[in-house]
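All remarks here apply to the structure that follows.
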Amino acid sequence: MKKTFRIIAIIALLTVVSLPAAQAGNDDRRGTAGALELLINPWARSAGWGGVNTACGRGLDAFFTNVAGITSVSSTEIGYTNSIYAGGRSGLNSGASINSFGLVQRVFDRGVLGVYVMAMSFGDIDVTTYDSPDAGMNGTFSPTFMNLHIAYAHAFTQSIKGGAVVKIVSESTADVTGSGVAFDAGIQYVTGENDELKFGISLKNIGFGFSFNGTGLSLTMTNDAGNPMSVEFRSEDQELPTSFSIGMSYDFLFEKWNQRLTFAGNFTSMAFSKDLITAGAEYSLLDRVQLRAGYVYQTSIFDADARTTFNTGLNVGASFNMPLSKKEGNNNSLTLDYAYQTADRMKGTHRIGATLSL
């Protein structure tokens, strides 16, 4: 009984602390936050069903949805995912690609340490100026976004897990650099005879202002006396795109062929855009093949003229888990993941990844 009260108290405390951030904004503030790449899920497995796994995320891919889920790693997990974002570099596209590399390592009996790097590039973009507005006349520039995430998660009991992430955010061009620091926190609660019922809460991107500096914010001009002078424009700090998610999932387990069918639901309150409601399902066969799909709904998503995102909501994905040893008790494996996110007026986003479990 004492353990149950402790669990309820922790969940209630995290909810109360999170509510001010969750209610801080609305769609009227859309586009005013900085470092919006923090809202992009770089991992194929969780993206395959729309990031609905706030409650049931496990391993490295839980890093984005709910850091508490990395406590499921028994020893070591190493993963890499490449995302061809909104069509990548072919056809009508964003020109963006994302590379993510992560490592999760158990360091204590109940503690797990994790780190991952996400790098986002946009290819070559033509430089245009007021005096020379034509593309191709002034060369090109190549922006780069890079985020470093460092996390620690702990299994307090067999039923409750929690964790936190520190994010160092960087955006840069040749002459302007933006930087900031953000924090995530998450908790998962598991119950049921076979741990089939799960709840999760995740608070993301709480942090200090995101600011820019560099020579690109300065201008050389001539004053009335004919003397050259340099004028520097100060960048006002931007808020980070805070979000608060609460979700649950339920596993239907079947002994024949070790089948599992999981249904999950998630609500995300966004401080700088429309709130998200996500529903998804994942089917697992023999713990070797997983198929998943999810739908991310937000207001006006069915109206092409009123929609405020090029994503149309549907996400699908699959994983193939290959054991690396036939020895009993050896869980070393290699998992290949794929996810596709549908889009309108842009090409969809493809994610391909691999995870090595040791």
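The values are calculated or read from the model by the stated rules, or taken from the named source; none is laboratory data. Here the structure is a predicted model, which is why all the values come from computation and not from measurement. Cβ placement follows ideal geometry from the backbone for every residue including glycine, while neighbour counts extend to all protein chains displayed. Just the protein is used for accessible areas: all its heavy atoms, side chains included, with ligands, DNA and RNA removed. Shrake-Rupley method; radii C 1.70, N 1.55, O 1.52, S 1.80 Å.
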All positions within the range 237-258 that are outside any helix (DSSP H, G or I) and either exposed (fewer than 10 other Cβ atoms within 10 Å of the Cβ) or at positive phi (or both): GLU255
Looking at LEU13, LEU92, can you tell me which residue is among the hydrophobic types (A, V, I, L, M, F, W, C), at pLDDT below 95, surrounded by fewer than 18 Cβ atoms within 10 Å (Cβ to Cβ) and outside any helix (DSSP H, G or I)? LEU92
Within the bounds of the range 265-274, is there any residue that is on the phi > 0 side of the Ramachandran plot and open to solvent by less than 30 Å² (accessible area, probe 1.4 Å)? no
Checked pairs for the range 211-223, first of a type in the set (Asp, Glu), second surrounded by 10 or more Cβ atoms within 10 Å (Cβ to Cβ) and modelled with pLDDT of 75 or more, C-beta under 7 Å and 6 or more apart or across chains, list as none
Could you look through the range 69-82, keep only residues that are touching a Phe, Trp or Tyr at 6+ places or on another chain (Cβ under 9 Å) and buried (at least 24 other Cβ atoms within 10 Å of the Cβ), and pick out the one that is nearest to SER333 (Cα to Cα)? GLY79
Taking ILE70 as meeting all but one of (1) over 19 Å from MET118 (Cα atoms); (2) at pLDDT 90 or above; (3) in a helix (DSSP H, G or I), write down the number of the exception. (1)
Got a number for residues in the range 119-131 being farther than 30 Å from ILE168 by Cβ and at pLDDT below 80? 3
Go through (1) modelled with pLDDT of 95 or more; (2) open to solvent by 80 Å² or more (accessible area, probe 1.4 Å) and name the single condition THR262 misses. (2)
Among what's in the range 202-234 and is open to solvent by 60 Å² or more (accessible area, probe 1.4 Å), at pLDDT below 80 and of a type in the set (Val, Ile, Thr), pick the residue that is nearest to ARG260 (Cα to Cα). THR215
Hits in the range 177-189 - residues which are open to solvent by less than 30 Å² (accessible area, probe 1.4 Å) and more than 14 Å from HIS154 (Cα to Cα): GLY178, GLY180, ALA182, ASP184
Note on PHE199: of the conditions (1) under 30 Å from SER74 (Cα atoms); (2) out of contact with any Leu (no Cβ under 6 Å at 6 or more places or on another chain); (3) open to solvent by 60 Å² or more (accessible area, probe 1.4 Å); (4) without any contact (Cβ under 8 Å) to a residue 40 or more places away in the chain, unmet is (4)
Given the condition over 20 Å from GLY50 (Cβ atoms), touching a strand residue (DSSP E or B) at 6+ places or on another chain (Cβ under 6 Å) and open to solvent by less than 50 Å² (accessible area, probe 1.4 Å), answer yes or no: does some residue in the range 332-348 qualify? yes
Residue list for the range 294-331, filter: under 23 Å from SER273 (Cβ atoms), among the small types (Gly, Ala, Ser) and either within 21 Å of the chain's Cα centre (by Cα) or open to solvent by 70 Å² or more (accessible area, probe 1.4 Å) (or both): GLY294, GLY313
On the basis of being among the hydrophobic types (A, V, I, L, M, F, W, C) and either over 19 Å from GLY186 (Cα atoms) or open to solvent by 80 Å² or more (accessible area, probe 1.4 Å) (or both), does ALA281 make the cut? yes
